[in-house]
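Enquirer: One structure is given below, represented as structure tokens, and several questions about it will come after.
The values are calculated or read from the model by the stated rules, or taken from the named source; none is laboratory data. As the structure is a computational prediction, the values presented were derived from the model and not from experiment. Positions of Cβ are generated from backbone atoms using ideal geometry, with glycine treated the same way; all protein chains shown enter the neighbour counts.
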Amino acid sequence: MSSTSLPLSASYLALRELFASRIAVLDGAMGSMIQTYKLAEADFRGDLFRAHDHDLKGDNDLLCLTRPDVVREIHRRYFDAGADIVETNTFNSTTISQADYHLESAVPDINRAAVRIAREAARAAEAATPGRRCFVAGAIGPLNRTLSMSPDVNRPEYRAVTWAQVVQAYTEQVRALAEAGADALLVETIFDTLNAKAALFAIEQVFDERGERLPVMISVTITDASGRTLSGQTVGAFYTSIRHARPFSVGINCALGGRQMRPYIEELARIAECHVTCYPNAGLPNAFGGYDETPADMATVLSEFADAGFVNLVGGCCGSTPNHIRAIAAAVRGRAPRKSTEPQAPALRLSGLEVLQVA
């Protein structure tokens, strides 16, 4: 059976109802929030990895095993701020990314623990407000290896990783997230569409194994004013590349602030046949690597997107905090969600760096 014809999960139906009824709210940054806790090497090691042979400070996903209290509190603060959905702390929870810390064997445990922690925060938020429904999205990052580009300028044909290795790494992560009870899967911060296609391939394999389909949310990163991904695609070409996966939603996150994103989210809203999401950084990084947009700044921009009919979900990426999410949630409250577009007429559409439609 093709996974596109599999039964939809209960969370899929609940999220579809939420997105149809109002603009949903995603959480904000995890990494910059973790930095505010001033954690030391001992926090990352905990008792489990006290004798580990490699430095672990900076492996934020590992905190799901060694400082779950910190991760749980961050999730709680975002739910308290008005988020409907929080992302698991699993942006780098694949064997390829965890190889930098010699922790490939810990990947299944990190992913399962991340879902459990986020679910605990969701249940607490639901208990505090009877009738409220809170969701957990399994965060799937872009990897620190790329299939489309060589890391060696003198060897353009070289790749540091193979398609099979990327699919295997994503399959292990997706399987753990789904088994642990994630409500949705969010393939995010995509800079290389081929990596994303490997993640989507892995997701479809896991759906076939499980006999059930979860919502698949996809979010790309436009790196600069060129309007292209790091691997060179326009927004339209990217959407054409992943449209076959029939995503629950597609959107843009990271790299840019909301104002810089506007032409790209507007284009995506025009062509996407699914829900559209947007969670920008809190502005562009300043000279010190920080982010200067205030909660009011972000809320103003995203409310403009809502008024223009561009979005079904909004939130924050790098530099955003619970205060940003609180302001964003208030700004879009009562705004109508984007209406679905008509399906594109059948045609041969090819996606290289740009879209080629054969009449």
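Enquirer: Only residues that are outside any loop (DSSP other than H, G, I, E, B) and either among the hydroxyl-bearing types (Ser, Thr, Tyr) or touching an Asp or Glu at 6+ places or on another chain (Cβ under 7 Å) (or both): list them for the stretch 229-267, please. Before the answer, list the steps.
Expert: Narrowing the stretch 229-267 to residues outside any loop (DSSP other than H, G, I, E, B): 234-245, 249-267.
Residues satisfying the conditions are THR234, VAL235, GLY236, ALA237, TYR239, THR240, SER241, SER249, ASN253, GLY257, TYR264.
Enquirer: Sticking with this structure for a sec: Of a type in the set (Ser, Thr, Tyr), without any contact (Cβ under 8 Å) to a residue 60 or more places away in the chain, within 23 Å of LEU62 (Cα to Cα) and surrounded by 15 or more Cβ atoms within 10 Å (Cβ to Cβ), is that true of THR189?
Expert: Working: of a type in the set (Ser, Thr, Tyr): yes; without any contact (Cβ under 8 Å) to a residue 60 or more places away in the chain: no; within 23 Å of LEU62 (Cα to Cα): yes; surrounded by 15 or more Cβ atoms within 10 Å (Cβ to Cβ): yes.
Considered against the rule, which asks whether it is of a type in the set (Ser, Thr, Tyr), without any contact (Cβ under 8 Å) to a residue 60 or more places away in the chain, within 23 Å of LEU62 (Cα to Cα) and surrounded by 15 or more Cβ atoms within 10 Å (Cβ to Cβ), THR189 comes out as no.
Enquirer: Go through the stretch 109-140 and report how many residues are within 25 Å of ALA99 (Cβ to Cβ) and surrounded by fewer than 23 Cβ atoms within 10 Å (Cβ to Cβ). Step through it out loud before you land on a result.
Expert: To start, the set of residues in the stretch 109-140 that are within 25 Å of ALA99 (Cβ to Cβ) comprises 109-118, 137-140.
Going one step further and asking which of them are surrounded by fewer than 23 Cβ atoms within 10 Å (Cβ to Cβ), we end up with 109, 112, 116.
Within the stretch 109-140, residues that are within 25 Å of ALA99 (Cβ to Cβ) and surrounded by fewer than 23 Cβ atoms within 10 Å (Cβ to Cβ) number 3.
Enquirer: Can you name every residue in the stretch 132-149 that is basic (Lys, Arg) and either touching a Cys at 6+ places or on another chain (Cβ under 6 Å) or within 21 Å of ASN60 (Cβ to Cβ) (or both)?
Expert: Of all residues in the stretch 132-149, those basic (Lys, Arg) come to 132-133, 145.
Matches in the stretch 132-149: ARG145 only.
Conditions (1) surrounded by 24 or more Cβ atoms within 10 Å (Cβ to Cβ); (2) farther than 25 Å from ASP183 by Cβ; (3) of a type in the set (Ser, Thr, Tyr); (4) at pLDDT 95 or above, marked per residue:
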{"site": "LEU230", "(1), (2), (3), (4)": "no, yes, no, no"}
{"site": "ARG259", "(1), (2), (3), (4)": "no, yes, no, no"}
{"site": "CYS274", "(1), (2), (3), (4)": "no, no, no, yes"}
{"site": "VAL311", "(1), (2), (3), (4)": "yes, no, no, yes"}
{"site": "GLY316", "(1), (2), (3), (4)": "yes, no, no, yes"}
{"site": "THR321", "(1), (2), (3), (4)": "no, no, yes, yes"}
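Enquirer: ARG155: within 17 Å of GLY141 (Cα to Cα), of a type outside the set (A, V, I, L, M) and either surrounded by fewer than 23 Cβ atoms within 10 Å (Cβ to Cβ) or at pLDDT 95 or above (or both), yes or no? Spell out how you get there, then give the answer.
Expert: Values: within 17 Å of GLY141 (Cα to Cα): no; of a type outside the set (A, V, I, L, M): yes; either surrounded by fewer than 23 Cβ atoms within 10 Å (Cβ to Cβ) or at pLDDT 95 or above (or both): yes.
Answer is no for this residue.
Enquirer: Could you please find all residues in the stretch 1-54 being touching a Gly at 6+ places or on another chain (Cβ under 8 Å) and in a helix (DSSP H, G or I)?
Expert: Result: SER32, PHE44.
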